[in-house]
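K.L.:
Take this structure first; my questions come after.
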Amino acid sequence: MLRVENLSFSYGKIQAVRDVSFEVKKGEIMAIIGSNGAGKSSLLKCIAGLLKPQTGQIYMEGEALEAVAYKTVEKGICLIPEGRWIFSNLTVEENLILGGYTSKAVSQGIERSYDMFPRLGERRGQRAGTLSGGEQQMLAIARGLMSNPKVLLLDEPSLGLAPLIVNDIMKIIQDTNKAGVSVLLVEQNARKALGIAHHACVLKQGTIVKEGRGAELASDESILAEYLGKDSKLLKAGAGK
Amino acid sequence: MFFQQVINGLSVGGIYALMAVGYSLIYSLLNFTNFAHSITVTIGAFATFYFLTELFENIYAGILFAIVVAGILAILIQILGYSVLLKKNAQRIYLLITGLGISTMCDNLVIISFTSRFRVYPVNFSTKAINVFGATFGTIDLIILAVSAVALILVQLFIKKSRAGLAIRGASFSLETASIMGINTQKLIMIVFLIAGALAGLAGALLGAKYTAYPALGTNMANKAFISSVVGGLGSITGAVIGALILGIGEVLISGYLSSAMRDIFSYTLLVIILFVKPSGLMGVDIGDRA
């Protein structure tokens, strides 16, 4: 559905993404895991049209994408960026309305968001900047879904959230996927990501070094140890609980 | 007497506000001050003058003409001057320098094309004075006040109530985030320049009616508007209007009761004091909010 072919991107002399190719199939959750600085965010920003790759091409349902962010949204791809990027000067509801900027069914979308996250409904008139981190992440996801995307790109949705809330977020991602949205999930929290992914790859220094089914990679301790850097020990400790 | 001065001050402040809102809109969206703003004011005055002398002797039609011409000019400035730099995500200092360059160049082009003569509109608002409760007001001040108020309210409604206005408020928080909502930010920038230019054209037309049209009109007056928007808080539209009214009324009262030589001293002193006491301006948006 969303196919990336030989994509390379560099910030000046620093190459962030090197010749990356993969495909997100319709209806699946695909995870890209890798440590800090592996090029994950740059890769997502290239797909979303925020960065213009030097070489390579991105296809959505067979159609080549231009590196223009708003056109990418019109093609049914929606990025939920790292750190949420919510409009903290606007209210919760205004954030949702902007999320549905390209959609014709804004009021239905808002209702659906409040059904999904009743907490957002309670705070609809509140400035988004006053929400807690978990609520902001929920708002970011709800806002992303407002455009009725076919593919959802999620950049580190668990970043900076308490473990219980991370579980909630992962559940929401799974539910969204079951409702028919394909998901490309980029995570440092490899265990959580692999736990819900159908299919995954490991990114290291801008290149894909391993690909496989989510469960396969999750059971491969060497991958966790080798490719996820120092944090992998902590991850193991966390998984032992 | 005092009441008259206040009305006069409000009419001056209203014109400052028309220009100050343009500075604030562009600043809030793009984080730089558009120093080429002043030329759209000058052109507004000249467009009205030539419309009245060459085409049609109706001051209201002349003002409409000025709004259209200045709006188009502002868009041209954005396309020819800024858009290339914005696409490259250039540092804002380059945009400031470009703006200053455009302003200086256009001021001189205006002098070359129209000479530096002062021009009086062949037709103007009625100069009759109106008596209310013993105080006399110039009709022209009342009309300027009313026209400015209507224009400012329309812009405020557009920003607060319309879909595009919401997009502008979102984009002023982050252009990049707005773009991943599917908002065409290039188009949004055009809309903002169009509004800023149209308001500046209106200001220029009114200034030409209140005073005269001359090449340095825009630069002189836009300076005051810039001070207003800094005093009110750069990037805040309400702040720009409040700053402009404070400046307008203050200037008129100072020239009325002290001396007109003190007028500019007042404006610049106010600027310095604000920068010392509250650098973000009266209604300034706290950057910390953006995190």
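The values are calculated or read from the model by the stated rules, or taken from the named source; none is laboratory data. Given the structure is predicted, the values throughout are model-derived calculations rather than measurements. Cβ: placed from backbone, ideal geometry, glycine included. Neighbour counts: every protein chain shown.
K.L.:
Can you spot a residue in the range A:28-38 that is within 18 Å of the chain's Cα centre (by Cα), in a loop (DSSP other than H, G, I, E, B) and surrounded by 22 or more Cβ atoms within 10 Å (Cβ to Cβ)?
P.N.:
We begin by selecting, within the range A:28-38, every residue within 18 Å of the chain's Cα centre (by Cα); these are A:28-38.
Those left that are additionally in a loop (DSSP other than H, G, I, E, B): A:28, A:34-38.
Subset that is surrounded by 22 or more Cβ atoms within 10 Å (Cβ to Cβ): A:34, A:38.
Yes: one or more hits.
K.L.:
For residues in the range A:105-126 being in contact with a helix residue (DSSP H, G or I) (Cβ under 8 Å, 6 or more places away or on another chain) and not in a helix (DSSP H, G or I), which is farthest from B:Phe173 (Cα to Cα)?
P.N.:
It comes out as A:Phe117.
K.L.:
Does the range B:84-135 hold any residues that are β-branched (Val, Ile, Thr), at pLDDT 85 or above and not in a loop (DSSP other than H, G, I, E, B), and which are they?
P.N.:
Taking the range B:84-135 as the starting set, the residues that turn out to be β-branched (Val, Ile, Thr) are B:84, B:93, B:97-98, B:102, B:104, B:110-112, B:115, B:120, B:123, B:127, B:130, B:132.
If we keep only those that are at pLDDT 85 or above too, we end up with B:84, B:93, B:97-98, B:102, B:104, B:110-112, B:115, B:120, B:123.
Passing the criteria: B:Val84, B:Ile93, B:Ile97, B:Thr98, B:Ile102, B:Thr104, B:Val110, B:Ile111, B:Ile112.
K.L.:
Do we have B:Ile265 as farther than 30 Å from B:Thr177 by Cβ, over 20 Å from the mean Cα position of the chain (by Cα), exposed (fewer than 13 other Cβ atoms within 10 Å of the Cβ) and at pLDDT 90 or above here?
P.N.:
It is true that B:Ile265 is farther than 30 Å from B:Thr177 by Cβ, over 20 Å from the mean Cα position of the chain (by Cα), exposed (fewer than 13 other Cβ atoms within 10 Å of the Cβ) and at pLDDT 90 or above.
K.L.:
Taking B:Arg169 as meeting all but one of (1) at the interface with chain A (Cβ under 7 Å from one of its Cβ atoms); (2) buried (at least 22 other Cβ atoms within 10 Å of the Cβ); (3) closer than 13 Å to B:Leu25 by Cβ, write down the number of the exception.
P.N.:
All conditions pass for B:Arg169, except number (2).
K.L.:
Got a number for residues in the range A:19-49 being at pLDDT below 90 and not hydroxyl-bearing (Ser, Thr, Tyr)?
P.N.:
So the answer is 7.
K.L.:
While we're on this one: A:Glu135 - would you say it is away from every other protein chain (no Cβ under 12 Å) and without any contact (Cβ under 8 Å) to a residue 40 or more places away in the chain?
P.N.:
yes
K.L.:
Right, something else. Check the range B:197-210 and report whether any residue there is within 14 Å of another protein chain (Cβ to nearest Cβ), surrounded by 14 or more Cβ atoms within 10 Å (Cβ to Cβ), under 19 Å from B:Met19 (Cα atoms) and among the small types (Gly, Ala, Ser).
P.N.:
The first filter runs over the range B:197-210 and keeps only residues within 14 Å of another protein chain (Cβ to nearest Cβ), leaving none.
Checking the range B:197-210: not a single residue is within 14 Å of another protein chain (Cβ to nearest Cβ), surrounded by 14 or more Cβ atoms within 10 Å (Cβ to Cβ), under 19 Å from B:Met19 (Cα atoms) and among the small types (Gly, Ala, Ser).
K.L.:
Does any residue of the range A:104-126 turn out to be under 13 Å from A:Gly144 (Cα atoms), in contact with an Asp or Glu (Cβ under 8 Å, 6 or more places away or on another chain) and facing chain B (nearest Cβ under 9 Å)?
P.N.:
Checked against the condition, which is being under 13 Å from A:Gly144 (Cα atoms), in contact with an Asp or Glu (Cβ under 8 Å, 6 or more places away or on another chain) and facing chain B (nearest Cβ under 9 Å), the range A:104-126 yields no hits at all.
K.L.:
Looking at B:Ile189, is it under 30 Å from A:Ile77 (Cα atoms), within 14 Å of another protein chain (Cβ to nearest Cβ), modelled with pLDDT of 95 or more and crowded, with 19+ Cβ neighbours inside 10 Å? Write out each step before concluding.
P.N.:
On the way: under 30 Å from A:Ile77 (Cα atoms): yes; within 14 Å of another protein chain (Cβ to nearest Cβ): yes; modelled with pLDDT of 95 or more: yes; crowded, with 19+ Cβ neighbours inside 10 Å: yes.
For B:Ile189, the condition - under 30 Å from A:Ile77 (Cα atoms), within 14 Å of another protein chain (Cβ to nearest Cβ), modelled with pLDDT of 95 or more and crowded, with 19+ Cβ neighbours inside 10 Å - is met.
K.L.:
What residue, among those in the range A:134-166 that are touching a Lys or Arg at 6+ places or on another chain (Cβ under 8 Å) and assigned to a helix (DSSP H, G or I), is surrounded by the most Cβ atoms within 10 Å (Cβ to Cβ)?
P.N.:
Looking at residues that are touching a Lys or Arg at 6+ places or on another chain (Cβ under 8 Å) and assigned to a helix (DSSP H, G or I), I get A:Gln137.
K.L.:
Yes or no: the range B:35-46 includes at least one residue that is touching a Ser or Thr at 6+ places or on another chain (Cβ under 7 Å) and in a helix (DSSP H, G or I). Break it down stepwise before answering.
P.N.:
At the first step, the residues of the range B:35-46 found to be touching a Ser or Thr at 6+ places or on another chain (Cβ under 7 Å) are B:35-36, B:38-39.
Still in the list and also in a helix (DSSP H, G or I): B:38-39.
Yes: one or more hits.
One line per residue, one yes/no per condition, for (1) in contact (Cβ under 8 Å) with a residue 12 or more places away in the chain; (2) part of a helix (DSSP H, G or I):
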{"residue": "B:Ile144", "(1), (2)": "yes, yes"}
{"residue": "B:Leu154", "(1), (2)": "no, yes"}
{"residue": "B:Leu157", "(1), (2)": "no, yes"}
{"residue": "B:Ala164", "(1), (2)": "yes, yes"}
{"residue": "B:Ile168", "(1), (2)": "yes, yes"}
{"residue": "B:Ser172", "(1), (2)": "yes, yes"}
{"residue": "B:Glu176", "(1), (2)": "no, yes"}
{"residue": "B:Gly182", "(1), (2)": "no, no"}
{"residue": "B:Lys187", "(1), (2)": "no, yes"}
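K.L.:
Out of B:Leu234, B:Leu245, I need the residue that is away from chain A (no Cβ under 14 Å) and either in a loop (DSSP other than H, G, I, E, B) or under 29 Å from B:Ile111 (Cβ atoms) (or both). Which one? Steps first, answer last, please.
P.N.:
Working: B:Leu245 fails: either in a loop (DSSP other than H, G, I, E, B) or under 29 Å from B:Ile111 (Cβ atoms) (or both).
Result: B:Leu234 is the single residue among B:Leu234, B:Leu245 that is away from chain A (no Cβ under 14 Å) and either in a loop (DSSP other than H, G, I, E, B) or under 29 Å from B:Ile111 (Cβ atoms) (or both).
K.L.:
From the residues in the range A:177-209 that are at pLDDT below 85 and surrounded by fewer than 18 Cβ atoms within 10 Å (Cβ to Cβ), which one is nearest to A:Met116 (Cα to Cα)?
P.N.:
For the range A:177-209, the residue satisfying everything is A:Arg191.
K.L.:
If you don't mind, another one. Could you give every pair whose Cβ atoms fall below 9 Å, whose first residue belongs to the range A:25-36 and is among the polar types (S, T, N, Q), and whose second residue is at pLDDT below 95 and in a loop (DSSP other than H, G, I, E, B), counting only separations of at least 6 or pairs across chains?
P.N.:
A:Ser35/A:Gln188; A:Ser35/A:Leu228; A:Ser35/A:Gly229; A:Ser35/A:Lys230; A:Asn36/A:Gln188; A:Asn36/A:Gly229
K.L.:
Next question, about the same structure. Let me spell it out: the conditions are (1) farther than 25 Å from B:Val41 by Cβ; (2) touching a Phe, Trp or Tyr at 6+ places or on another chain (Cβ under 9 Å); (3) at pLDDT below 95; (4) not acidic (Asp, Glu), and B:Leu175 meets all of them except one. Which number is the exception?
P.N.:
Answer for B:Leu175: the failing condition is (2).
K.L.:
Could you tell me whether A:Leu194 is in a helix (DSSP H, G or I) and touching a residue at least 40 places away in the same chain (Cβ under 8 Å)?
P.N.:
Details: in a helix (DSSP H, G or I): yes; touching a residue at least 40 places away in the same chain (Cβ under 8 Å): yes.
In short, yes.
K.L.:
From B:Ile159, B:Ile144, which residue is in contact with a helix residue (DSSP H, G or I) (Cβ under 9 Å, 6 or more places away or on another chain), farther than 30 Å from A:Leu96 by Cα and among the aliphatic types (A, V, I, L, M)? Outline the logic, then answer.
P.N.:
On the way: B:Ile159 fails: farther than 30 Å from A:Leu96 by Cα.
None of the other options fit; the residue is B:Ile144.
K.L.:
Here's something else I'd like to know. So which of A:Ile80, A:Ile58 is β-branched (Val, Ile, Thr) and either without any contact (Cβ under 8 Å) to a residue 12 or more places away in the chain or within 21 Å of A:Gln137 (Cα to Cα) (or both)? Talk me through it step by step, then tell me what you get.
P.N.:
Numbers: A:Ile58 fails: either without any contact (Cβ under 8 Å) to a residue 12 or more places away in the chain or within 21 Å of A:Gln137 (Cα to Cα) (or both).
Step by step, each of A:Ile80, A:Ile58 is checked, and only A:Ile80 is β-branched (Val, Ile, Thr) and either without any contact (Cβ under 8 Å) to a residue 12 or more places away in the chain or within 21 Å of A:Gln137 (Cα to Cα) (or both).
K.L.:
Looking only at residues in the range A:47-99 that are within 11 Å of chain B (Cβ to nearest Cβ) and among the hydroxyl-bearing types (Ser, Thr, Tyr), which one is surrounded by the most Cβ atoms within 10 Å (Cβ to Cβ)?
P.N.:
Only one residue fits best here, namely A:Thr72.
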